Structures are given as C-alpha cells and as structure tokens.
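Below is one structure; the comments refer to it alone.
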Amino acid sequence: MRRPFIAANWKMNKTVSETQDFLSAFIPEVKEVKDVDIVIAPPFTSLAVAAEELSNTNIKLAAQNVFYEEKGAYTGEVSPLMLIDIGCKYVIVGHSERRQYFHETDEIVNRKVRAAKKAGLGVILCVGEDLEERETGKTFSVLEKGVDKGLSETDYEGIVIAYEPIWAIGTGRTATPEQAQEAHEFIRERLRLNYGKKADSICIIYGGSVTPDNIDSLMACKDLDGVLVGGASLKVESFVRIVRFNRL
Ligand code: 13P
C-alpha cells in the first residue's frame, strides 16, 4: 500500500553546475527504478535547472523550505505558489536545522504545512528529539507534539512524516533499526488517532546518517517506509545505492 519514499536533502550544497553534473549522472542510473518514489530537494537556486533536468523522469522535485504567505512584502521568502510554478511536487517543512537556526516553532511549521498543502504541494514534515530529550525519556512527547501541532487543522493527503532524531543528523551516529522502528510505530499510532485508518497510507521516513551501509537494515523495519538523506545524497554513487536498496 505504501511505496518506498527515498528523498535527498542537499541542504546548502551544490551550485547550478554541480546540480547539473549530479543529475546528468544520476538520472540514467535510476531510470529503471519504478517501485520507489525518488525525490530530490536542491537549494532554491538550483530548483529551475533541476526542474528542467527532471522533467519526464521518475524523479520528483522538492524544496527545502517555504513561507506561509502567498505573496507580498516578505523579503527573502518564497511562497508555495512559486514552488508549484517552478515544478516542485514536495516541500520539506520543519527540518531541525530550521527550528534550531531560524527559530521555527511548531506553530510556524503548522502554518507552513497548511499553506503548502493549500497550494497543492506534498509536505515532508520533520520531527525528532535531541540527545538530551532522548536521554531524559522525552522522545515520545516530542514526537507527539511535533506531529499533532505540525498537522493541526489539516488532513492527511500529501503528507510524509520524516522522523529525524537530531543526535543522528550529520553525526555518523544512526538510530538502530530498533530505535527507528519504535519511533515510527509511535508516530503511526499518533496518526491513527488523528486520521483513523487513512493514517496507514502516510509514509513515515527516517533521516539521520543514512548511508549505503545501513540502508538495507533500516528499510527492513516494518513501519519505516523510506529515508531522507543528507550527506550521502550528495554523491551520485552513494545515493544510487540507497535508492536501489536491497529488500532483506
Ligand atoms: P545526514 O544524512 O547528513 O545525517 O542528514 C540527515 C538530514 O538532516 C536529512 O534531512
């Protein structure tokens, strides 16, 4: 019922020409992959060239952020309609780096989720605990708040949840399959409380030091439907291996 969903979050990496180089090597390597949703989120400055390269391929385009207003005097911001216009199908909302460095709260995240959905974008909503929260037993309450507040007053359509434990991002310290499965199962239960049976169609993906070495064991977890990959998505070879994971 849920197709594997494998997404690259390039963060603040790659110029326009680096984006072109990556995509021209990557696209032919995955063109036979029909049973996985493949998504790439380059920086804003590369969206136009990526949209051109990805047209008529099996890879969808995503943005890494969006503002919640449609247009107006918001210097430096980008609206949901602008993302649709340039060819984005998805947007990442509430990444921990945005919460940490740009002070995005669950309320702001929720406004962004609702605005993006209203415009017709799919939303990859990120939630996850930091190390202190994990060590003091607050993981589930952080996830509950992130999911409930992030999705407040919105339906389930076009939603993907990314569980990204902050202590695993860019650290080389991956959640074990057991830790990931436990968090994903908890999120699934929360979604069921909110949406009933329809929650079972929502992909819950994992992010945090995903590599070619751990992708197969992560994808074997029952409630883990895909991954959101940072560092290992910047190299063609490693992201190809992740997209073409082995079903254990
Ligand atoms: P890394 O894969 O580099 O740990 O980043 C994960 C992430 O933040 C994806 O959004």
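The values are calculated or read from the model by the stated rules, or taken from the named source; none is laboratory data. Computed from a prediction, not measured in an experiment: that's the story for all the values here. Methodologically, a virtual Cβ is constructed for each residue, glycine included, from the backbone with ideal geometry; neighbour enumeration extends over all protein chains shown.
Note on the stretch 87-119: among residues that are touching a Pro at 6+ places or on another chain (Cβ under 8 Å) and away from the ligand (no atom under 16 Å from the Cβ), the one that is nearest to ASN9 (Cα to Cα) is ALA116. Against the list (1) part of a loop (DSSP other than H, G, I, E, B); (2) away from the ligand (no atom under 16 Å from the Cβ), the condition MET12 fails is (2).
GLY150 meets all of the listed conditions (1) more than 16 Å from the ligand (Cβ to nearest atom); (2) among the small types (Gly, Ala, Ser); (3) buried (at least 16 other Cβ atoms within 10 Å of the Cβ) but one, namely (1). Checking GLY170, GLY128, GLY146 one by one, the residue that is under 18 Å from the mean Cα position of the chain (by Cα), modelled with pLDDT under 95 and under 27 Å from PHE239 (Cβ atoms) is GLY170 and no other. Just one of the listed residues (ALA232, ALA183) is buried (at least 17 other Cβ atoms within 10 Å of the Cβ), of a type outside the set (Ser, Thr, Tyr) and within 28 Å of ASP21 (Cβ to Cβ), namely ALA232. Within the stretch 93-107, residues that are closer than 12 Å to GLN64 by Cβ reach partners that are within 10 Å of the ligand (Cβ to nearest atom) and among the basic types (Lys, Arg) with beta carbons closer than 8 Å, at six or more positions or on different chains, in the pairs GLU97/LYS11.
Within the stretch 65-80, can one find any residue that is within 16 Å of the ligand (Cβ to nearest atom), modelled with pLDDT of 95 or more, touching a Lys or Arg at 6+ places or on another chain (Cβ under 7 Å) and not in a helix (DSSP H, G or I)?
Here is the first cut: in the stretch 65-80, the ones within 16 Å of the ligand (Cβ to nearest atom) are 65-66.
Remaining after also requiring modelled with pLDDT of 95 or more: 65-66.
Pick out the ones that are also touching a Lys or Arg at 6+ places or on another chain (Cβ under 7 Å) and you get 65-66.
Filter once more, so that each one left must be not in a helix (DSSP H, G or I): 65-66.
Looking for residues that are within 16 Å of the ligand (Cβ to nearest atom), modelled with pLDDT of 95 or more, touching a Lys or Arg at 6+ places or on another chain (Cβ under 7 Å) and not in a helix (DSSP H, G or I), one finds at least one in the stretch 65-80, hence yes.
The residues of the stretch 120-166 that are part of a helix (DSSP H, G or I) and in contact (Cβ under 8 Å) with a residue 40 or more places away in the chain, listed by number, are THR139, PHE140, LEU143, GLU144, GLY146, VAL147, ASP148, LYS149, GLY150, ILE166.
Quick check: is even one residue across the stretch 201-221 in a loop (DSSP other than H, G, I, E, B), more than 22 Å from VAL93 (Cβ to Cβ) and among the hydrophobic types (A, V, I, L, M, F, W, C)?
Step one: of the stretch 201-221, the residues in a loop (DSSP other than H, G, I, E, B) are 202, 208-214, 220-221.
Subsequent filtering for residues that are more than 22 Å from VAL93 (Cβ to Cβ) retains 211-214, 220-221.
Imposing the further condition that a residue be among the hydrophobic types (A, V, I, L, M, F, W, C) reduces the set to 220-221.
Yes, the stretch 201-221 has at least one match.
Give the stretch 226-241 a look and list any residue that's assigned to a helix (DSSP H, G or I) and more than 10 Å from the ligand (Cβ to nearest atom), or say none.
VAL236, GLU237, SER238, PHE239, VAL240, ARG241
So THR75 fits all but one of (1) within 30 Å of THR105 (Cα to Cα); (2) surrounded by fewer than 13 Cβ atoms within 10 Å (Cβ to Cβ); (3) in contact (Cβ under 8 Å) with a residue 24 or more places away in the chain; what number is the exception? Failing condition for THR75: (3).
All conditions in (1) in a helix (DSSP H, G or I); (2) within 16 Å of the ligand (Cβ to nearest atom) hold for THR174, with the sole exception of (1).
The residue of the stretch 188-225 that is surrounded by the fewest Cβ atoms within 10 Å (Cβ to Cβ), among those that are aliphatic (A, V, I, L, M) and away from the ligand (no atom under 16 Å from the Cβ), is LEU193.
For the stretch 32-55, the set of residues classified as in contact with a Ser or Thr (Cβ under 6 Å, 6 or more places away or on another chain), crowded, with 22+ Cβ neighbours inside 10 Å and not in a loop (DSSP other than H, G, I, E, B) consists of SER46, ALA50, listed by residue number.
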